[in-house]
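One structure is given here, and the rest of the page talks about it.
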Amino acid sequence: MESEYFAHESAFIDEGCSIGKGTRIWHFTHIMKGCVIGENCNLGQNVVVSPDVVLGRNVKVQNNVSIYTGVICEDDVFLGPSMVFTNVINPRSHILRRDQYQETLVRRGASIGANATIVCGNEIGEFAFIGAGAVVTKDVPPYALIVGNPGRHAGWMSEYGHRLLFDDQGIATCPESHQKYELTKDGKVIKR
């Protein structure tokens, strides 16, 4: 039976994985046991997906990314080149801490830029945008733009990846999609 996904001949896929239809797995990528990878994902060159990781549909993983046990990415997530996840807060080579892996949840539509680092145990909100090289050390709200080290909130982004500029009434319009967003009194952004 022919596979419903593509895997380059140099990719290594352990038994016991679930890989969705239309997914593409490129050069020197290793998919470990127990992973669930949704439909239409793209995993670039030299990617490692550790045991029991879950990737939703249409997740784009660029080159040189390691996705460690405890990471869950919902649909339409973008992981930029060489970005980093962690899964233990206080690793030591001489102490086994596999029972201390912390979950990191990346919500639908979020983008994480090149060389960014996501410290484990945090949640990245829907359509959040983590800038290149940022270091995320706490939860990120939906639509937030995070930059720097340590990561700091620098604004808001639309679902199409454009900076949102709010008027006096707290309303912003995406220049590409023309979707409207509201900045609420409690400091959250919602799509109208």
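Observations
- Residue match in segment 102-110 (condition: at positive phi and among the charged types (D, E, K, R)): no
- When residues in segment 171-192 are screened for being polar (S, T, N, Q) and closer than 14 Å to Phe127 by Cβ, 2 of them pass.
- Asn42 being touching a strand residue (DSSP E or B) at 6+ places or on another chain (Cβ under 7 Å) and of a type in the set (S, T, N, Q): yes
- Out of Cys73, Cys41, sole residue that is under 24 Å from Gly20 (Cα atoms), out of contact with any helix residue (DSSP H, G or I) (no Cβ under 9 Å at 6 or more places or on another chain), surrounded by 18 or more Cβ atoms within 10 Å (Cβ to Cβ) and free of Cβ contacts under 8 Å to residues at least 24 places away in the same chain: Cys41
- Segment 87-112 residues that are among the small types (Gly, Ala, Ser), paired with ones that are not in a loop (DSSP other than H, G, I, E, B) (beta carbon under 7 Å, 6 or more apart): Ala110/Ile124; Ser111/Phe78; Ser111/Phe129; Ser111/Ile130
- All conditions but one from (1) exposed (fewer than 15 other Cβ atoms within 10 Å of the Cβ); (2) in contact with a strand residue (DSSP E or B) (Cβ under 9 Å, 6 or more places away or on another chain) apply to Ser177; the one that does not is (2).
- Those residues of segment 44-70 which are surrounded by fewer than 20 Cβ atoms within 10 Å (Cβ to Cβ), within 19 Å of Glu123 (Cα to Cα) and hydrophobic (A, V, I, L, M, F, W, C), in sequence order: Val54
- Flag for Ile19 being of a type in the set (A, V, I, L, M) and over 22 Å from Cys120 (Cβ atoms): yes
- Some residue of segment 136-146 being of a type in the set (D, E, K, R) and in the same structural domain as Ala114 (by TED's automatic domain parsing): yes
The values are calculated or read from the model by the stated rules, or taken from the named source; none is laboratory data. The shown structure was predicted, so the numbers you read here are calculated from the model rather than taken from an experiment. Glycine gets a Cβ as well: all are built from the backbone with ideal geometry, and neighbour counts include every protein chain shown.
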